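Here the structure is laid out as structure tokens; the discussion comes afterwards.
The values are calculated or read from the model by the stated rules, or taken from the named source; none is laboratory data. All values derive from a computational prediction rather than experimental measurement. All Cβ positions, glycine included, derive from the backbone under ideal geometry; neighbour counts span all protein chains shown. These accessible areas exclude ligands, DNA and RNA; they are computed on the full protein's heavy atoms, side chains included. Shrake-Rupley method; radii C 1.70, N 1.55, O 1.52, S 1.80 Å.
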Amino acid sequence: MKAIGVSPSRREVKLVDHPEPKLAAPDEVKLRMLDVGVCGTDKEICAFQYGTPPSGSEYIVLGHESLGEIVEVGKGVTRIKVGDLVISTVRRPCPHATCASCVHDRQDFCFTGDFTERGIKQQHGYMTELVVDREKYMNPVPRALRDVAVLVEPLTIAEKALIQVWDVQERLPWTPAAGRGKGHRAVVLGAGPVGLLGAMALQIRGFTTYVYSLEPEESPNAAAAKAIGATYVCAAATPIGDLPGKIGNIDLVYEATGAAQVAFELLKVLGTNGVFVLTGVPGRKGPIQLDADLLMRNLVLKNQLVFGTVNAGRDAFEAAIKDLSRFVERWPSAVRSLITRRYPLDAFADVLLGRPGGIKNVFSIEARS
Ligand SMILES: [Zn+2]
Ligand SMILES: [Zn+2]
């Protein structure tokens, strides 16, 4: 069957003839892949910056932002049935019994670094026709979300971040348990899919949300931010130092660019009791200058917290599926506008090696005859 394979040793991205997988254990399911999203991680793997094939394979099948339909289930499968639409988690546990996170199915917090990831690290991904995986990694999604469900995985980044933000902000005596974002101001750094989905998650929780990014005011990214009631602030027109004057106390920053310089500029203006969440992975460049005295003074005197977050567990996938339904109800066309175009797997060169533009491009895997 067809698959998009990346071979780091040969420095090749190509359509490969990948063997069809078969159920091998009672808790396994077989999926027919429907949609697989493309993100910066995929492009970096195609530029051979990282990405490791499974042992014994010369290539890795790319793709981690998936939507599949169950076509076969093993004897021991109870939670899922044929015909269900599912989103698969990406990370798989490390083999060490001493890793408390992986032992408890929280490999997104793996201590050892020996986890694997589908489509990224030592496990084949989803840009292919059929996939076999374990039931426990499947997250059922309502059929009503069929056309946008491929956005669930990138949304899980924000969901995991927000779960942690609530944990942290329980420290504030006045944080109300319900309507948690109300009266609070959030800045989303970056108007790509991760940023815009994060902005939707913040809006729906009552935050007053600002999206700060490079794209011009008339870009589809800015339009999507405005369509959900966020304020779009174009970086070309407003320096970061002007943001507090415009916004007031910045309670939360959700960083989604991977640009270190801009992120640390923004950290300088984080408000009192503010939380700054980093989700982007910067490329390996030279060191940058930081006003460390100012940052440290602010962190202490303003009770600030900075944390990074990667990947997501089952709780974040379930929250993302729930939230996506709410987004579609509230902003149907804005949510759909995030998906720019669908391509067949054969168009891999244009999508992965070219500059197809737009917000989120998706491979649609045509049904097998
Ligand atoms: Zn991704
Ligand atoms: Zn682990």
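Between residue 281 and residue 78, the FRET efficiency estimated from the beta carbon spacing at R0 = 56 angstrom works out to 0.95. If the Kirkwood radius is taken over C-alpha pairs of the stretch 1-58, then at 25 °C and 0.890 mPa s the Stokes-Einstein diffusion coefficient equals 183 µm²/s. The trypsin sites (Lys or Arg not before Pro) of the stretch 153-255 that DSSP puts in a loop, and whose beta carbon has at most 14 other beta carbons within 10 Å, are 171, 182.
Taking the square roots of five times each eigenvalue of the Cα gyration tensor of the stretch 291-369, the equivalent ellipsoid has semi-axes of 37, 20, 14 Å, listed largest first. Report the calculated FRET efficiency for residue 170 and residue 336 (r = Cβ-Cβ distance, R0 = 45 Å), to the nearest 0.05. Rounded to the nearest 0.05, the efficiency is 0.80.
Extension gain, residue 111 to residue 219, is 34.8 nm, computed as 0.36 nm per intervening residue step minus the present C-alpha separation.
For the chain, the longest principal axis of the Cα atoms and the long axis of helix 314-330 meet at an angle of about 70 degrees.
In this label model, residue 315 and residue 288 are separated by 3.1 nm, measuring between points 7 Å along each Cα→Cβ vector.
Cross-link partners of residue 302 among lysines, defined as those whose alpha carbon lies under 16 angstrom from its own and excluding same-chain residues fewer than eight positions apart: 268.
For GluC sites (Glu not before Pro), the sites in the stretch 182-260 that DSSP calls loop and that have at most 14 other Cβ atoms within 10 Å are 217, 218. Shape of the stretch 248-307 from its Cα gyration tensor (a ≥ b ≥ c, root eigenvalues): rounded if a/c is under 1.5, otherwise prolate when a/b > b/c, or oblate? Oblate, because a/c is 1.5 or more while a/b does not exceed b/c.
Among the GluC sites (Glu not before Pro) found in the stretch 3-71, those both in a DSSP coil and sparsely packed, with 15 or fewer other Cβ atoms within 10 Å of their Cβ, are 58. Place a point 7 Å from Cα of residue 24 in the direction of its Cβ. Which residues in the stretch 79-107 have their backbone N less than 14 Å from it? Those under the cut-off are none; the list is empty. In plain terms, the chain from residue 146 to residue 246 could stretch by 32.1 nm, reckoned as 0.36 nm per residue minus the Cα-Cα distance. Both numbers refer to the Cα atoms of the chain; Rg and Dmax are 20.7, 64 Å. Note on residue 360: aspartates and glutamates with a C-alpha under 16 Å away, same-chain residues under 8 apart excluded, are 35, 42, 44, 65, 147, 153, 215, 350.
The slack between residue 238 and residue 343, meaning 0.36 nm per residue of separation minus the straight C-alpha distance, is 34.2 nm.
Here the simple spin-label model places points 7 Å from the Cα toward Cβ, and for residue 17 and residue 1 these points are separated by 1.6 nm. Computed with the Debye formula from one identical point scatterer per Cα of the stretch 237-282, without solvent, the log10 of I(q)/I(0) at q = 0.19 Å⁻¹ comes to -0.56. Translational diffusion of the stretch 175-283, estimated by Stokes-Einstein from the Kirkwood radius over alpha carbon pairs at 37 °C in a medium of 0.692 mPa s, is 241 µm² per second. Where both bridge residues fall in the chain, DSSP classifies roughly 55% of the beta bridges as antiparallel. Over the chain, accessible surface divided per residue gives 44 Å², non-protein components excluded, 1.4 Å probe.
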